[in-house]
Every structure is written in structure tokens, then in C-alpha cells.
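Student: Structure below; questions to follow.
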Amino acid sequence: MAAKPSIPKGTRDFSPVEMAKRNYIFNTIRDVYHLYGFQQIETPSMEMLSTLMGKYGDEGDKLLFKIQNSGDYFSGITDEELLSRNAVKLASKFCEKGLRYDLTVPFARYVVMHRDEITFPFKRYQIQPVWRADRPQKGRYREFYQCDADVVGSDSLLNEVELMQIVDTVFSRFNIRVCIKINNRKILSGIAEIIGESDKIVDITVAIDKLDKMGLDNVNAELKEKGISDEAIAKLQPIILLSGTNAEKLATLKNVLSASEVGLKGVEESEFILNTLETMGLKNEIELDLTLARGLNYYTGAIFEVKALDVQIGSITGGGRYDNLTGVFGMAGVSGVGISFGADRIFDVLNQLELYPKEAVNGTELLFINFGEKEAAFSMGILSKVRAAGIRAEIFPDAAKMKKQMSYANTKNIPFVAIVGENEMNEGKAMLKNMETGEQNLVSAEELIAVVKK
């Protein structure tokens, strides 16, 4: 007996209904990106490992899926190397390529390789899958999609403002209520400076980024574990727990960070973004949140994260400003800022809140019943007109029993069925049945189109 097939852990099949929902998400995001002048690119699923390695830290390097070289991958490897069983060293000899871990590093590589063809500032978006050799668990997959938009080659904070408008527009179209959280890595650097722990900025940001998940006591314990003094941790408390309006927080920070040039620069940038957005009439709340740190260390300025208000789930969008990502590929001084929508988490939120519009998930709108050769030929004539009018329609391919064909329509949630028998053919019409109400009417092709479209 043949073994039952399976798929790798952390990957998924998607049914036609799920794909309709996913395409609704991708198309909504794509439409908004176009509104703001972003152009689409795609990069290969696999990149050279030399492109990917060292860009995500040690942990990220471990999560890269490596692709075994084709051909005789043992050539050039000594018996001594094989017997050493050093997995990392052997992988570097066996594998030259890997699946992309995110879309940002491949984008940086793209900018460097195509710099002579690109007009700066370059506004690109990318909607493609990425892969991580992570431990699969609820909400965390090994293969998932990212929907990124970045602007490179411009230092203007108007880019940050427009990205926040994009976030607001996308979630307004989805009818998902969100809180857009904003912070600035320069503010965090200023805080580390004034508490006397500048060299521990990474440890501080990694710890306080977990405040929502771990609570204050555990964050303080982690800070202590990283060698940050009790005095510095005490100084950090009122800053981490800062409350009030955005304006009140900014005013407090100006005082607290008065001795830090970099900290004040971060306050100034945040103030510009928040004040400009205030005049734009965003539909969703935007909040200055000092506990927001974002894990990736390449962020250098504004950082963003989006939380759904009506569902318990992690961040559903994130991003920030990075000043020199292309520098790792020998092209220094290209500043960029970007966001990434978490399509898989948005999918879960829309499912939980039942916010998918009917027209987005329904496939076929009209099914023609097949009674035989003559009836099918007549139906095909009407079917051509129906499809030309933009209605999604099909004919049952076999002259099966009526019950079977109607069951097919019900299973696929097809809202209308057209019945064409001898009487209907004699009148040059079709009997149109509304599957929800059960109502039936004899209609011409033109009338049928008008009813289904309505």
C-alpha cells in the first residue's frame, strides 16, 4: 500500500476559498501601494548564501534554509572534513545557495546590482513568500508571505508619513481597527546614553521590546542578567512606563534627553511625523510607544508596529528607517525606510472577525444546468454573453442528474442557477433560480445579466 503523502511541517495547502481570501488581502495591499506610487519587483526564491549570511545575526543565520549543491557536492571535501562531522563547516561546502529569509536583504542586493537602472528615490513593493527554519507553532510558519514596501535614496521624513498613511488606508479598507505604534531608535540610543549604558543599547532594546509579552519584572530581570546596573535599570523605569498623550510624552522626553544630542534628534523626528499625521485625519489611532524596539538591529531611525485592537494576536505590520543596509554590499550612504504587512496574521484576524466581503470570497456567480447536448449548446451561447459582461459563470460539464448538479451549486455557494430545457429553448430564454430565496423567473440573456450583476 502506498504511503500517505504529507507536506513539510510549518507549510500549508490553501483551498480555493482560502486562496480567494488571500488574494483579497494581497490585492487590497497592492492597490494601496499603487495609489502611493510604489512599483512592483520580484527577486528569486533563492539567493547566494554569501548574500544572506551575516545579515540577520547568529540566530537568523541558523534559521536559513540552505540548498544543497547539485552534482558531486563531495568533490573538494577531504575525508578529514567529512569525518569531523562539523555540520556548519560542511554546510558551507555543500551549499552555495539558500531560500530567502526576508524580502529586505534581497531588495538591498537588487538595489546594488541595478543601481544604474534605478531612478532614486526608488519606491518598490514586493509580495512574495519567505522561508525560515523555525520551530513551527500556532501562528508561526516555515513558509509565509511578506508584503513589503520601501523607499530608498531619500532621507525625507515625508516617506515615514506616507507609509503610516498606507498602513491606515489598508486597515481601513479591511475594516480592522488598529493602533499604529511608533518609536525611534535614536530615542532608545539617547535613553541608553543618559543611563550610562550606551554599549548595551542592543541588550536594552531587545529586553524592553518584550514588555508586552513578559511584563516589567521579567524585563528588569533580563536587563540585570545582561549586566546592566541596578542604578541604570532604576533610571529606565519612568521612561519605559511613560504615559499621557503623544504631545505630553514628547515634552517629557525633551527634558529627560536634554543632555543627549542623538536622543533629541529622535524626539524631533518623531514630533514631525506625529504632527504631520495629525493634519492628515487618520482613521486609526497612532501612539508613541517607548517600549517598541523592533528586533532587527539595522533600524536607525523611526520604527513602526501595528496591533489589532479586537483580536489577541502579535504585530500584524512592522517596519522602520535604516540608514545603510546597502552598505553591506559595497554601496554606502543609501538611506531607506520600509514597512511589511503580515499577510498570514491579517488572514487570521479577518477570519476571526468575519470581515471578508462576500464578493471577495465567492467564486462562480452563475451555474448553467446541463440537460444534454442540444441544451448545453444553447446554454453556451448565453454563457458567452454572460462572461463578456464580467460575470463568473460555468456550465456543468456532464448531463448528470439534476440533484447532483444542484448539490454542486450548493456546495460551491453559487448564488444563481440557470436552467435551460426544451420550453426555455423554444422561447430563447433561460429559467433563472436564486439559490438563496428559491425564486425562479424566465428571463432573456440581457435580463439574466442584469439580475446577476445586481
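The values are calculated or read from the model by the stated rules, or taken from the named source; none is laboratory data. Remember, predicted model here, so these are calculated numbers, not experimental data. Cβ coordinates were reconstructed from backbone atoms using ideal geometry, including for glycine residues, and neighbour counts include every protein chain displayed. Please note that ligands, DNA and RNA were not included when accessible areas were found on the heavy atoms of the full protein model with its side chains. Shrake-Rupley method; radii C 1.70, N 1.55, O 1.52, S 1.80 Å.
Student: For 444, 70, give the ranking by accessible area with the largest first, probe 1.4 Å. Please list the in-between numbers first.
Tutor: Numbers: 444 25, 70 110 Å².
Accessible-area ranking of 444, 70, largest first: 70, 444.
Student: Where a Cα-Cα gap under 19 Å defines reach, which aspartates and glutamates qualify for residue 454, not counting those fewer than 8 residues away within the same chain?
Tutor: 359, 365, 394, 436, 439, 446
Student: Using the Cα centre of the chain as origin and beta-carbon charges of +1 (Lys, Arg) and -1 (Asp, Glu), tell me which of 266, 14, 67 is placed farthest towards the positive end of the dipole.
Tutor: Of 266, 14, 67, it is 14.
Student: Beyond 26 Å between alpha-carbons counts as too far, so tell me which of 4/97; 226/254; 433/453; 21/210; 62/235; 21/307 fall in that bin. Working shown, then result.
Tutor: Numbers: 4/97 31 Å; 226/254 28 Å; 433/453 14 Å; 21/210 31 Å; 62/235 35 Å; 21/307 21 Å.
Over 26 Å apart, Cα to Cα: 4/97; 226/254; 21/210; 62/235.
Student: Could I ask something else about it? How big is the accessible area of residue 168 in square angstrom, nearest 10, if you roll a 1.4 angstrom probe over the protein chains?
Tutor: Surface open to solvent at residue 168 totals about 10 Å².
Student: Here are some pairs, 66/186; 186/213; 9/123; 123/213; which of them have Cα atoms lying more than 28 Å apart in this structure? Write out the running numbers ahead of the final one.
Tutor: Details: 66/186 35 Å; 186/213 24 Å; 9/123 35 Å; 123/213 34 Å.
Table pairs above 28 Å Cα-Cα are 66/186; 9/123; 123/213.
Student: Taking all pairs of distinct Cα atoms, average 1/r, flip it, and tell me the Kirkwood hydrodynamic radius of the chain in Å to one decimal place. Show your work: numbers first, answer last.
Tutor: Numbers: mean 1/r = 0.0385 Å⁻¹.
For the chain, the Kirkwood estimate is 26.0 Å.
Student: Using DSSP, restrict attention to beta bridges with both residues in the stretch 14-351 and report what percent are antiparallel, rounded to the nearest 5.
Tutor: Numbers: 40 of 46 bridges.
Of all bridge pairs located within the stretch 14-351, approximately 85 percent are antiparallel.
Student: Further question: How much accessible area per residue does the chain have, in Å², with a 1.4 Å probe?
Tutor: On the way: 23300 Å² over 454 residues.
Result: 51 Å² of accessible area for each residue.
Student: With each pseudo-label sitting 7 Å past Cα toward Cβ, what's the residue 1-residue 355 distance in nm, one decimal?
Tutor: 4.6
Student: Related question: Calculate for the chain the 222 nm mean residue ellipticity that helices alone would give, adding -39,500 (n - 2.57) per DSSP H run of length 4 or more and normalising by residue count, nearest 500 deg cm²/dmol.
Tutor: -13000 deg cm²/dmol
Student: Rolling a 1.4 angstrom probe over the protein chains, ignoring ligands and nucleic acids, what is the accessible area of residue 52 in square angstrom, nearest 10?
Tutor: Residue 52 exposes around 0 Å² with every protein chain in place.
Student: I would also like to ask the following. Within the stretch 364-451, what percent of beta bridges assigned by DSSP are antiparallel, to the nearest 5?
Tutor: Values: 8 of 14 bridges.
Counting only bridges with both partners in the stretch 364-451, antiparallel ones make up about 55 percent.
Student: So, with a 1.4 angstrom probe, what is the percent of accessible area on the chain that is carbon and sulfur? Spell out each step's value before the answer.
Tutor: Values: 11790 of 23300 Å².
Carbon and sulfur together cover 51 percent of it.
Student: Multiply the residue gap between residue 14 and residue 179 by 0.36 nm, knock off their C-alpha separation, and tell me the result in nm, one decimal place.
Tutor: Details: separation 165, 0.36 × 165 = 59.40 nm, distance 2.94 nm.
56.5 nm is the gain from fully extending residue 14 to residue 179.
Student: Something else: Only Lys, Arg, Asp and Glu count, each charged at its Cβ (+1, +1, -1, -1), so figure out the dipole size of the stretch 364-451 about its Cα centre, rounded to 20 debye. Could the numbers behind the result be given before it?
Tutor: Working: 10 positive and 12 negative charges, 61 e Å.
Dipole size: approximately 300 debye.
Student: So for the pair residue 444, residue 158, with labels modelled 7 Å out along Cα→Cβ, what separation do we get in nm?
Tutor: The two pseudo-label positions are separated by 5.5 nm.
Student: Order the following by accessible area, largest value first: 236, 264. Probe radius 1.4 Å; ligands, DNA and RNA are ignored. Show your work: numbers first, answer last.
Tutor: Working: 236 5, 264 60 Å².
Ranking 236, 264 by accessible area, largest first, yields 264, 236.
Student: I need the fraction of alpha carbon pairs in the stretch 125-267 separated by more than 25 Å, rounded to a whole percent.
Tutor: On the way: 4710 of 10153 pairs.
Distances greater than 25 Å cover 46 percent of the Cα pairs.
Student: On alpha-carbon atoms, Rg over Rh for the stretch 317-453 using Kirkwood Rh? List each step's numbers first, then the result.
Tutor: Working: Rg = 24.1 Å, Rh = 18.3 Å.
Rounded to two decimals, Rg/Rh equals 1.32.
Student: Taking R0 as 45 Å, what's the FRET efficiency between residue 453 and residue 135 from their Cβ-Cβ distance, rounded to 0.05?
Tutor: On the way: r = 49 Å, r/R0 = 1.09.
After rounding, the FRET efficiency stands at 0.35.
Student: How far apart, in nm, are two points set 7 Å out from the Cα along the Cα-to-Cβ line at residue 422 and at residue 311?
Tutor: Going from the residue 422 label point to the residue 311 one covers 5.5 nm.
Student: How long is the stretch 1-73 along each principal axis, judged by its Cα atoms, biggest number first, in Å?
Tutor: 48, 45, 26
Student: Taking the Cβ-Cβ separation of residue 331 and residue 362 as r and a Förster radius of 56 Å, what is the calculated FRET efficiency to the nearest 0.05?
Tutor: 0.75
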